[in-house]
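Novice: Following this message is one structure expressed as structure tokens.
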Amino acid sequence: MTVYLLRRLLQALLVMLAMSLIVFVGVYAIGDPVEILISPDADQMERERAIKALGLDLPLWQQYLTFLFRAVQGDLGRSFVFNEPALQLILQKMPATLELAVGATFMAVLIGLPLGLYAGLKPDSAGSKAIMAGSILGFSLPTFWVGLMLIMVFAVQLGWLPSTGRGETAQFLGLRWSFLTRDGIAHLIMPAVNLSLFKISLVVRLTRSGVRETMLMDYVKFARAKGLSPRRVTYVHVFKNILIPVVTVVGLELGSTIAFSVVTESIFAWPGMGKLIIDSINVLDRPVIVAYLMIIVMMFIVINLAVDLLYSTLDPRVRLEGKS
Amino acid sequence: MSVATLEVRNLQTHFFTRAGVVKAVDGVSFTVGRGKVLGLVGESGSGKTVTGFSIIGLVDEPGRVVGGEILFHGQNLARLSEEEMRQLRGNRIAMIFQDPMMTLNPVLRIDTQMIETVLAHTKVSHEEARQRCRDTLGMVGIPSPEERLKSYPHQFSGGMRQRVAIAIALLHRPELIIADEPTTALDVTIQGQILAEVQKLAINTGTSLIWITHDLSVVAGLADDIAVMYAGRVVEDGPVSEVLDKPLHPYTHGLIGSVPSRNKRGEPLRQIPGMTPSLLKLPPGCAFRSRCDRATAECAAPIELMELTLGRHARCIHPHMEAVAA
Ligand SMILES: Nc1ncnc2c1ncn2[C@@H]1O[C@H](COP(=O)(O)OP(=O)(O)OP(=O)(O)O)[C@@H](O)[C@H]1O
Ligand code: SF4
Ligand SMILES: [Mg+2]
């Protein structure tokens with residue numbers, strides 16, 4: 001186990017290093033921030049001073065090494081625009097995105113799992129057919145369109161829910177969270193629903209096919225042959241088996257939800273990391289872009305590890321070993 | 001005469017598939033006496049497993065028991081409600097499946113899978129249930145049962161898993177065990193061990209046994225009676241020694257010709273020429289007609305299972321009576 005974790009850590013470091021290089025070169029290739037950051041009226045002297053101050057006069061490899069050297073010390077550079085540490089800037093926005101993504105994931109599991117279970121157990125009922133048709137919609141309707149519709153109906157016409165911002169927040173673990181206040185939750189509902197629609201569909205389909213597959217297994221028939229109640233067969237024998245793929249996929253999805261919540265955040269003016277990164281790309285705020293991508297990479301690594309650990313506790317056949 | 005443990009009369013189980021009605025079981029009758037072992041034999045697809053599932057009420061969609069009686073101590077199981085059947089299953093009638101690698105749930109520990117079986121039918125404390133599981137595991141020859149209870153199925157070999165399945169079947173000392181080819185997936189030595197142990201247990205506990213197999217040598221050593229199935233029907237039954245020595249039905253005759261031990265040495269295995277007919281469109285009359293060397297025009301008419309000599313039945317109008325007469 002320890003060997004396994006050490007090996008994973010080493011792998012993670014290598015991935016981070018490789019990613020940092022790709023990200024750095026990639027961002028460099030996007031464009032020159034000087035044109036955007038420095039006013040066109042500035043004279044040559046001012047221009048050069050500014051370029052020097054931002055460290056943009058050095059060759060790329062030198063810029064990269066400087067970045068790497070500072071990154072190891074926990075400094076991912078300062079935002080060109082806000083003149084604040086990039087890391088701090090992103091961490092301030094992180095709770096908003098996290099609670100949005102986690103909320104959406106919870107919703108996906110709490111809604112998707114029961115619906116999928118029902119659709120799998122009673123595949124021919126009208127209810128199941130409706131659920132499956134709904135899941136196709138959830139898959140295929142574009143997120144931004146659904147978001148706009150939600151705002152139209154629930155904010156504009158019915159006036160039930162606020163449509164922009166995080167609302168009131170409360171302090172927890174030194175960060176500000178919306179889900180701790182009533183107003184915050186009211187603000188959170190629509191973006192979370194919007195973001196979870198695709199995931200609900202995913203969980204429904206995954207659960208349904210898992211149930212259908214598992215029900216045919218000999219061990220389910222054997223469980224029935226033992227005289228167990230139908231409830232025990234479903235909720236212990238079938239359920240524990242379908243949980244394995246569901247947990248894996250939902251867990252891995254969490255990473256991409258965080259990374260790609262951009263659309264939802266833009267529609268609902270949700271001040272999360274997604275919105276920050278879009279703004280930063282617009283002004284070519286390189287340190288923020290690079291820091292953001294590094295954080296996302298790290299998050300994927302952590303989530304993957306967590307999913308693997310969870311997977312191995314759910315499925316006793318899986319052994320975590322030092323070998324890859 | 002006391003009531004038999006199980007009497008199946010003209011059982012019919014059909015599958016209503018898109019392609020048509022598959023008459024997987026269409027006229028199966030046999031009797032299993034108390035403490036007796038019935039060998040149910042027949043080639044692949046003859047309906048042995050479906051017969052077993054029909055008895056414990058586990059025929060799944062699109063299948064249904066459409067006719068006949070399943071008398072368990074005189075009570076017709078086909079008439080029981082699902083809840084009444086559930087109370088019988090695993091309690092008074094147990095079943096062991098063909099493939100031990102597939103019968104245990106891979107994500108649940110052995111103790112979970114055993115204790116739940118105890119608790120499904122009796123109100124005992126968790127600790128008592130555990131004790132009973134431990135004892136039963138010991139009984140089927142699993143060493144250090146206390147530790148093994150905490151294992152997961154994948155930590156066992158195939159033979160050990162089948163022992164666990166047998167232990168689960170024995171937990172409530174059922175009156176009837178249906179064993180569906182429980183040793184076919186195992187290697188020969190382990191097969192022998194398990195056979196011997198099950199036989200011992202059956203004798204000691206007075207449990208009746210239906211042993212499904214297509215291995216006639218297993219039946220010869222284990223069973224009291226034998227029922228031979230062909231295309232969803234019992235074509236011959238009777239005491240095992242008589243049927244194997246002097247088969248009446250041409251199909252049984254052919255089968256026995258293909259058991260190695262009964263052939264003269266060096267002689268090639270006798271195969272029954274032809275193929276099993278499709279169950280989808282079985283013509284009326286004898287299903288074995290297309291492969292039978294005794295077939296005549298009369299064989300195209302429906303044929304019942306008839307008592308030909310005392311205690312022996314066959315579904316044939318030109319049986320091998322000469323052997324019995326001689
Ligand atoms: N779910 C089903 N749908 C349609 N037909 C089925 C279904 N299950 C079984 N059958 C039919 O029932 C017939 C008998 O199957 P069964 O499993 O009882 O055979 P068997 O005698 O146990 O064979 P084997 O020795 O291979 O186990 C098969 O030919 C199959 O076509
Ligand atoms: S009834 Fe006719 S076809 Fe069928 S087994 Fe007997 S002789 Fe052969
Ligand atoms: Mg079978």
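Each reported figure results from applying straightforward, stated rules to the coordinates on display, with no laboratory input. The structure displayed is predicted, hence computed values, not measured ones. Virtual Cβ from ideal backbone geometry, glycine too; neighbours counted across all protein chains shown.
Novice: Using alpha-carbon pairs under 8 Å, 6+ residues apart, how would you state the relative contact order of chain A in percent?
Specialist: Dividing the mean separation by the residue count of chain A yields 28 percent.
Novice: Which entries in the list A:122/B:123; B:36/B:200; A:122/B:23 go over 20 Å, if you measure between the two C-alpha atoms of each?
Specialist: From A:122/B:123; B:36/B:200; A:122/B:23, over 20 Å: A:122/B:123; A:122/B:23.
Novice: Hey, which lysines would be in cross-link range of residue B:150, C-alpha to C-alpha under 19 Å, not counting anything within fewer than 8 residues on its own chain?
Specialist: Output for residue B:150: A:240.
Novice: State which stretch of chain A is the longest one without any exposed trypsin sites (Lys or Arg not before Pro), exposure meaning a DSSP loop state and at most 16 other Cβ atoms within 10 Å.
Specialist: Of all site-free stretches, the longest is A:1-316.
Novice: Can you pull the percent of Cα pairs in segment B:15-167 with separation above 22 Å?
Specialist: Result: 52 percent of Cα pairs exceed 22 Å.
Novice: Also, quick follow-up: If you take the Cα Rg of segment B:109-185 and divide it by 2.2 N^0.38 Å, with N the number of residues, what do you get?
Specialist: 1.05
Novice: Please state the equivalent ellipsoid semi-axes for the protein assembly as shown: what are the square roots of 5 times the Cα gyration tensor eigenvalues, largest first, in whole Å?
Specialist: Square roots of five times the eigenvalues give 70, 26, 24 Å.
Novice: First check a/c for segment A:181-227, with a ≥ b ≥ c the square roots of the eigenvalues of its C-alpha gyration tensor; if it is under 1.5, answer rounded, and if not, answer prolate when a/b is larger than b/c or oblate otherwise.
Specialist: oblate
Novice: Straight-line reach from residue A:93: which lysines have Cα under 27 Å away, leaving out those fewer than 8 places along the same chain?
Specialist: A:199, A:275
Novice: Using only the Cα atoms of segment A:216-324, build the gyration tensor, take square roots of its eigenvalues as a ≥ b ≥ c, and label the shape rounded, prolate or oblate: rounded if a/c is under 1.5, else prolate if a/b is larger than b/c, else oblate.
Specialist: The shape class here is oblate.
Novice: Also: By its C-alpha gyration tensor, with a ≥ b ≥ c as the square roots of the eigenvalues, how is segment A:87-314 shaped: rounded for a/c under 1.5, else prolate for a/b larger than b/c, else oblate?
Specialist: Cα axes put segment A:87-314 in the prolate bin.
Novice: Straight-line reach only, C-alpha to C-alpha below 18 angstrom: list the aspartates and glutamates that residue B:281 could link to, leaving out same-chain residues fewer than 8 apart.
Specialist: Correct list for residue B:281: B:26.
Novice: Just counting partner chain Cβ atoms within 10 Å, what average do the residues of peptide B:79-85 show around their Cβ?
Specialist: Whole-number average of other-chain Cβ neighbours for B:79-85 is 1.
Novice: Which of the DSSP-defined H helices in chain A satisfy a minimum axial length of 27 Å, computed from C-alpha atoms, and a minimum mean Kyte-Doolittle hydropathy of 0.0?
Specialist: A:2-30, A:86-121, A:182-215, A:239-259, A:286-314
Novice: Quick one: which residues, 5 or more positions from residue B:209 or on another chain, have an amide H under 5 Å from its amide H? H modelled 1.01 Å from N in the peptide plane, none for Pro or chain starts.
Specialist: B:36, B:37, B:38, B:177
Novice: Add -39500 (n - 2.57) for each DSSP H run of 4 or more in chain A, then divide by its residues: what number comes out at 222 nm, to the nearest 500 deg cm²/dmol?
Specialist: Dividing the helical sum by the residues of chain A leaves -23500 deg cm²/dmol.
Novice: Do any GluC sites (Glu not before Pro) in segment A:229-324 lie in a DSSP loop with no more than 15 other beta carbon atoms within 10 Å, and if so, which?
Specialist: A:321
Novice: Report, to the nearest 10°, how far helix B:158-170 tilts away from the longest principal axis of the Cα atoms in chain B, using its own Cα long axis and a range of 0 to 90°.
Specialist: 80 degrees
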